[in-house]
Amino acid sequence: MTTASSSFKIANRSVGEWISSLPTLIILLITIFVASGEIIHSQLLRVGEATWEEYFLLRGAGVVGEPTCDRNPDIDEQVRRTVIQREADMADDPLADMFGTDIDEDAIRRSIERSVQVCNERWQRFERIEERVTPGVKAFRTVEVGVSRMITTIGESRRTLLTLLVLICAATATMSRHHIAIRPVRTVRDHYVSTIALLSANTLLFVSAVQYRERQLMSIAEGISVSHYGLNLIWITGFGVLAAINIYHLVKPPKDLEQGGNYGKALLTIPLYGFMSLSAGSRFMLDGYYHGMSVYLGMMMEHSTMFLNLALYIWIGMMLKQTRMAQLVFNVLRPWKMSPELLCFVVLLVTAVPTAYTGASGIFVIAAGAVIYSELMRAGARPQMALATTAMSGSMGVVLRPCLLVVIIAALNNQVTTAELFGSGIKIFFLTAFLFFIYSQFARKEPARIAPFREALPESIRRLRPLIPYVVLMAAVIMFFNHVLDRRLDEFSAPIILPVVLLSILIYEYVFSKKSADQLGLELEDTAGGDPRPTGFEPALRRATNETTGHIGALLMLMALSVSVGGIIERTGLMEAMPTDFASVWVAAALLMLVLVGIGMIMDPYGAVILVNATIAQVAFAAGIDPLHFWMMTLVAFELGYLTPPVALNHLLTRQVVGDDEVEKAKLTTGSFWDRYEKFLLPIAVMLTALITVTFLPLWFDGLHEWLFQKVGRG
C-alpha cells in the first residue's frame with residue numbers, strides 16, 4: 001500500500017510520502033528516542049556515580065547557588081535580638097500570662113548555634129563540590145543534563161504525538177481507501193454509500209470536538225483549570241481534514257468502479273470505525289452528550305504510551321515484511337515435503353513467536369499473511385485451509401511473552417502479574433496447537449506425509465545457514481541493550497529494542513544477504529503478489545513506513561472508536577444489567593464466556609480489555625472465578641471473536657494482504673458445508689473447543705485448575 005498515488009514528486013518522493021510517511025517516521029523515531037533515552041539517561045547517571053564520588057551532588061554545581069546563610073554570625077547579638085522580639089510578641093499577646101512569660105536564653109542560644117552548625121555544613125559541602133568540579137565533570141554533566149531535559153520535554157508531549165500520529169495516519173488511510181471494512185468497494189453504489197457514511201461519521205466526530213472545545217471555554221470562563229487545552233484544536237483540524245477528503249472522494253470517484261450494485265452489499269463496505277462513529281455519535285446526541293466521543297478520545301490519550309507502542313509494533317511488522325526472514329524459514333521447511341495440513345500446523349507453531357513480539361494478532365497477519373498464504377498454496381494446501389491458517393497465524397501467540405495485550409491486562413489489574421499470565425498462556429498455546437492438529441487431520445483430503453529424515457534433514461540444515469547471520473545480528477543488538485544499557489528484552493522493552501533489531505536486519509540484508517544466498521544456491525523470491533523488492537536500505541525503510549502509515553490509521557481509528565462504543569455500553573447500563581448473583585459458578589462462567597466472545601466480535605482487543613476490566617471483571621471475581629482463570633478465558637474468547645463472522649477482524653486483515661481477487665477465487669459453490677466454509681469453520685472449531693476447555697474443565701478438576709493457573713509468589 002502506498003500513501004498516495006501522485007505523479008508529482010519532490011526529491012524522488014511523492015507528496016503523500018512527504019506529508020504522511022515522513023511525519024509518521026519522525027513520530028515513531030521520537031517515541032523510540034524518548035523510551036531509549038530514559039534508559040540511556042539512567043546509565044549516564046550510573047556511569048557518573050561510578051566515575052565521580054557523589055556525582056548526584058556534583059551535577060548540581062554551578063546550577064545551585066551558594067548558601068545564603070551567614071556562617072560566622074555574632075551569636076550574642078542574635079540572642080539579644082531574639083529575646084527582644086520575644087518580649088515584644090508577649091507584650092502584644094493578651095493570653096501570654098496564661099502560658100508564662102519566662103524566656104529561656106540558653107535554649108535560644110543552643111538553637112542559634114545549631115543553625116550556625118547546619119549553615120557551616122552547607123558551606124563546606126558547597127565548597128567541597130565546587131573544588132571537585134573538573135572540566136571532565138562539566139562536560140559529562142552538560143551531556144547528561146541535556147539528555148534529561150530533552151527526554152522530559154518530549155516525554156511530556158506523548159499525548160500530542162499520539163494525536164498527530166492518529167490523525168496523520170487516518171488521513172492517509174482515508175485518502176488511500178485503506179480503512180477496514182467487511183467488503184471492499186467495487187461498484188458505484190458501494191462507493192457512494194461508503195463515502196457518504198464516512199462523511200457523516202467524520203462530521204459527527206468534528207461536531208463532537210467542537211462541542212468539547214465549547215465546554216472547555218466555559219470551564220475556563222468559570223475559573224476551572226483545563227488540562228491539554230490545545231490538544232482539542234488538533235482533533236478539530238484533523239476531523240475536518242478527514243471530512244474534506246470524503247467530500248473530495250464524492251466529487252471525484254475512482255474511474256475503475258463497476259456499474260450497479262445493491263444497497264445490502266454496499267452497507268458492508270462502510271469501514272468499521274464509520275459504523276462505530278455513527279452509532280456512538282447518534283446515541284450520545286440523543287442523550288444530549290454532544291461531546292461524548294471527544295471525552296472518550298481523551299480517555300484513549302490517558303493510555304498514550306500503550307498506543308504509541310502499538311504503532312511501533314505495526315512498524316516492526318512492516319519492517320519484518322520487507323525482510324526475507326519469512327521466506328528463509330519456509331526454505332528450511334520445504335525439503336520436508338509435508339502434507340498441506342501438517343505444514344499448516346508447523347506454520348502456526350513457528351508464527352506464534354513473531355505474533356507475540358508484534359503485539360497483537362492483526363499486526364502479524366498484516367506483516368506476514370501474504371507470504372504465509374502463498375507458501376501454503378505452493379505446498380498444495382486448499383485455498384480455504386490456507387486462508388484459515390493465515391487468519392489463525394495471528395491468534396496462537398497472543399498468550400505468549402512478550403505480547404503487549406497481556407502486559408496491558410497486568411497493568412490494569414493488581415490481581416494478576418505478567419509472569420502468571422504468560423505462565424498460563426504457554427500451556428493454553430500448546431492446547432490450542434494440539435486442537436488445530438486434531439481438527440486439521442480430520443479434515444485432510446489426502447494421507448499425511450513427510451519426507452524421510454535422511455533426505456530432508458541434511459538439506460534443511462543447509463538451508464539454515466543463511467539464517468545464522470540474522471540470529472547473530474539479533475543476539476548482538478539484544479546483548480548491547482542488556483550489557484551496555486542494562487535493559488534485557490522483555491515485554492516492557494520489546495517495543496524499543498525490536499525496531500532497532502529490524503533496522504539492523506534491513507541494513508544487513510540489503511548489503512550482504514542476497515550475495516550470500518546466491519553463493520549458497522538458495523532460492524529467494526519476491527514477496528507474494530509480485531511486488532518488486534526495494535534495492536537498498538532506504539527504499540526498504542520507506543516502503544515499510546508507507547505501509548505502516550496506512551495500517552496505523554486503519555487500526556488506531558478502529559481502536560479509538562471502540563473506546564466510544566465501550567462508553568455507550570457503560571452509559572446504557574448494559575453491563576450493570578448482568579446478574580451479579582449466580583446459581584453457581586458454572587452458570588456465571590457460561591454467561592461470561594458468551595459475553596466475552598460477543599465483545600471480541602465487535603471491538604478491538606485493546607479497547608475491549610479496558611471495557612472488560614472496568615465492568616465484567618468484577619462480576620466474574622464476585623462469582624468465584626479466579627482472576628487468572630478469567631483473563632485466560634478473556635484472551636481465548638477475544639481470539640474466537642476475531643475469527644468469527646459477521647466481522648471476523650483477522651479474516652478482514654487476511655483479505656487485505658492476500659487480495660480481494662484471491663479471496664473471491666477461493667470461494668466454493670460445491671462440496672460439503674465444511675469444504676465451502678472451511679476458512680471460518682476450522683478456526684472457530686479450534687478456538688471454540690479451546691475456550692470451552694479453558695472455561696469449564698478447570699472448574700471441574702481442582703488439580704487442573706491449580707496446574708493451569710499457578711500463582712507466582714510476590715515479595
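Is there a residue being more than 19 Å from residue 183 (Cβ to Cβ), under 19 Å from the mean Cα position of the chain (by Cα) and modelled with pLDDT of 90 or more anywhere in region 613-631?
Applying the first criterion (more than 19 Å from residue 183 (Cβ to Cβ)) to region 613-631 yields 613-631.
Checking the rest, the ones that are also under 19 Å from the mean Cα position of the chain (by Cα) come to 613, 631.
Those left that are additionally modelled with pLDDT of 90 or more: 631.
Within region 613-631 (the criterion being more than 19 Å from residue 183 (Cβ to Cβ), under 19 Å from the mean Cα position of the chain (by Cα) and modelled with pLDDT of 90 or more), the answer is yes, since at least one residue qualifies.
Out of the residues in region 646-667 that are modelled with pLDDT under 90 and outside any helix (DSSP H, G or I), which is nearest to residue 366 (Cα to Cα)?
659
Any chance region 214-224 includes a residue that's of a type in the set (D, E, K, R) and either within 26 Å of residue 156 (Cα to Cα) or buried (at least 20 other Cβ atoms within 10 Å of the Cβ) (or both)? Full working, then the answer.
Of all residues in region 214-224, those of a type in the set (D, E, K, R) come to 214-215, 222.
Next cut, either within 26 Å of residue 156 (Cα to Cα) or buried (at least 20 other Cβ atoms within 10 Å of the Cβ) (or both) only: 214-215.
The answer is yes; a qualifying residue exists.
Which condition number does residue 487 fail, the rest of (1) of a type in the set (Lys, Arg); (2) in a helix (DSSP H, G or I); (3) in contact with a Phe, Trp or Tyr (Cβ under 6 Å, 6 or more places away or on another chain) being met?
Only one criterion in (1) of a type in the set (Lys, Arg); (2) in a helix (DSSP H, G or I); (3) in contact with a Phe, Trp or Tyr (Cβ under 6 Å, 6 or more places away or on another chain) is unmet by residue 487, namely (2).
Would you mind listing the helices (runs of 4 or more DSSP H) fully within region 244-314 where at least 2 residues are under 28 Å from residue 227 (Cα atoms)? Show your work before the answer.
Numbers: elements: 263-267, 272-286, 292-301.
Passing ranges, in order: 272-286, 292-301.
Does region 503-528 hold any residues that are farther than 13 Å from residue 467 by Cα, touching a Phe, Trp or Tyr at 6+ places or on another chain (Cβ under 8 Å) and at pLDDT 85 or above, and which are they?
506, 507, listed by residue number.
The rows are residues; the columns are (1) surrounded by 24 or more Cβ atoms within 10 Å (Cβ to Cβ); (2) modelled with pLDDT under 85; (3) of a type in the set (Asp, Glu).
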site: 374; (1), (2), (3): no, no, no
site: 387; (1), (2), (3): yes, no, no
site: 402; (1), (2), (3): no, yes, no
site: 408; (1), (2), (3): no, no, no
site: 422; (1), (2), (3): no, no, no
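Could you list, in sequence order, all residues of region 668-701 that are part of a helix (DSSP H, G or I), β-branched (Val, Ile, Thr) and surrounded by fewer than 22 Cβ atoms within 10 Å (Cβ to Cβ)?
Across region 668-701, the qualifying residues are 684, 689, 692, 693.
With the requirement that a residue be under 31 Å from the mean Cα position of the chain (by Cα) and basic (Lys, Arg), what does region 661-715 give you?
Within region 661-715, 679, 711, 714 qualify.
Given the conditions (1) crowded, with 24+ Cβ neighbours inside 10 Å; (2) without any contact (Cβ under 8 Å) to a residue 40 or more places away in the chain, which single one is not true for residue 364?
Failing condition for residue 364: (2).
Answer yes or no: is there a residue in region 290-305 that is of a type in the set (S, T, N, Q), closer than 30 Å to residue 438 by Cβ and in contact with a helix residue (DSSP H, G or I) (Cβ under 8 Å, 6 or more places away or on another chain). It would help to see each step written out before you state the result.
Taking region 290-305 first, the residues of a type in the set (S, T, N, Q) are 294, 304-305.
Then keep just the ones that are closer than 30 Å to residue 438 by Cβ; that gives none.
Scanning region 290-305 turns up no residue that is of a type in the set (S, T, N, Q), closer than 30 Å to residue 438 by Cβ and in contact with a helix residue (DSSP H, G or I) (Cβ under 8 Å, 6 or more places away or on another chain).
Pick from region 672-705 the residues that are of a type in the set (S, T, N, Q) and in contact (Cβ under 8 Å) with a residue 12 or more places away in the chain: which of them is farthest from residue 598 (Cα to Cα)?
Filtering region 672-705 for residues of a type in the set (S, T, N, Q) gives 672, 689, 693, 695.
Next, only the ones that are in contact (Cβ under 8 Å) with a residue 12 or more places away in the chain stay: 689, 693, 695.
On the way: 689: 16, 693: 18, 695: 16 Å.
Among residues in region 672-705 that are of a type in the set (S, T, N, Q) and in contact (Cβ under 8 Å) with a residue 12 or more places away in the chain, the one farthest from residue 598 (Cα to Cα) is 693.
Do we have any residue at all in region 610-629 that's of a type in the set (Phe, Trp, Tyr), closer than 28 Å to residue 573 by Cα and crowded, with 17+ Cβ neighbours inside 10 Å?
Within region 610-629, the subset of a type in the set (Phe, Trp, Tyr) is 621.
In the following step, the residues that additionally are closer than 28 Å to residue 573 by Cα were identified as 621.
Among the residues that remain, those that are also crowded, with 17+ Cβ neighbours inside 10 Å are: none.
Among the residues of region 610-629, not one is of a type in the set (Phe, Trp, Tyr), closer than 28 Å to residue 573 by Cα and crowded, with 17+ Cβ neighbours inside 10 Å, which makes the answer no.
Answer with yes or no whether residue 437 is among the aromatic types (Phe, Trp, Tyr), more than 22 Å from the chain's Cα centre (by Cα) and part of a helix (DSSP H, G or I). Reasoning before the result, please.
Numbers: among the aromatic types (Phe, Trp, Tyr): yes; more than 22 Å from the chain's Cα centre (by Cα): yes; part of a helix (DSSP H, G or I): yes.
Against the criterion (among the aromatic types (Phe, Trp, Tyr), more than 22 Å from the chain's Cα centre (by Cα) and part of a helix (DSSP H, G or I)), residue 437 qualifies.
Could you tell me whether region 221-231 includes any residue that is in a helix (DSSP H, G or I) and either of a type in the set (A, V, I, L, M) or over 19 Å from residue 282 (Cβ atoms) (or both)? So that I can check it myself, show each step before the final result.
First, pick out the residues of region 221-231 that are in a helix (DSSP H, G or I): 221, 231.
Filter again for either of a type in the set (A, V, I, L, M) or over 19 Å from residue 282 (Cβ atoms) (or both), leaving 221, 231.
For region 221-231, residues in a helix (DSSP H, G or I) and either of a type in the set (A, V, I, L, M) or over 19 Å from residue 282 (Cβ atoms) (or both): present.
Select from region 339-361 the residues that are of a type in the set (Ser, Thr, Tyr) and more than 22 Å from residue 640 (Cβ to Cβ) and write down the one among them that is surrounded by the fewest Cβ atoms within 10 Å (Cβ to Cβ). Break it down into steps so the answer makes sense when it comes.
First pass over region 339-361, keeping only residues of a type in the set (Ser, Thr, Tyr): 339, 351, 355, 357-358, 361.
Next, from what is left, pick out any that are more than 22 Å from residue 640 (Cβ to Cβ): 339, 357.
Numbers: 339: 20, 357: 26.
Applying the filter and picking the extreme gives 339.
Which of the residues spanning region 324-338 are surrounded by 21 or more Cβ atoms within 10 Å (Cβ to Cβ) and either assigned to a loop (DSSP other than H, G, I, E, B) or among the acidic types (Asp, Glu) (or both)?
Within region 324-338, 324, 338 qualify.
How many residues are over 23 Å from the mean Cα position of the chain (by Cα) and surrounded by 16 or more Cβ atoms within 10 Å (Cβ to Cβ) when one looks only at region 486-506? Working first, answer last.
First, the residues of region 486-506 that are over 23 Å from the mean Cα position of the chain (by Cα): 486.
Now narrow it down to the ones that are surrounded by 16 or more Cβ atoms within 10 Å (Cβ to Cβ): none.
Residues meeting the conditions: 0.
Please identify the pairs in which a residue from region 544-565 that is under 23 Å from residue 611 (Cβ atoms) has its Cβ atom under 8 Å from the Cβ atom of a residue that is surrounded by 24 or more Cβ atoms within 10 Å (Cβ to Cβ) and charged (D, E, K, R), counting only partners at least 6 apart or on another chain.
So the pair list comes out as 555/604; 558/604; 559/604; 562/604.
Tell me, which residue of region 598-609 that is β-branched (Val, Ile, Thr) and crowded, with 21+ Cβ neighbours inside 10 Å is nearest to residue 299 (Cα to Cα)? First the steps, then the outcome.
Restricting attention to region 598-609, the residues satisfying the condition of being β-branched (Val, Ile, Thr) are 599, 602, 609.
So of that shortlist, the ones also crowded, with 21+ Cβ neighbours inside 10 Å come out as 599, 609.
Details: 599: 19, 609: 14 Å.
Taking the candidates together, the pick is 609.
Return the pairs, sorted by first residue and then second, in which the second residue is at pLDDT below 85 and of a type in the set (Lys, Arg), the first residue lies in region 317-329 and is within 13 Å of residue 507 (Cα to Cα), the beta carbons are less than 9 Å apart, and the residues are 6+ apart or on different chains.
Correct list of pairs: 322/533; 324/514; 324/533.
The values are calculated or read from the model by the stated rules, or taken from the named source; none is laboratory data. Please read all numbers here as calculations on a predicted model, not as lab measurements. Here the Cβ is made from the backbone with ideal geometry for all residues, glycine too, and neighbour counts use every protein chain on show.
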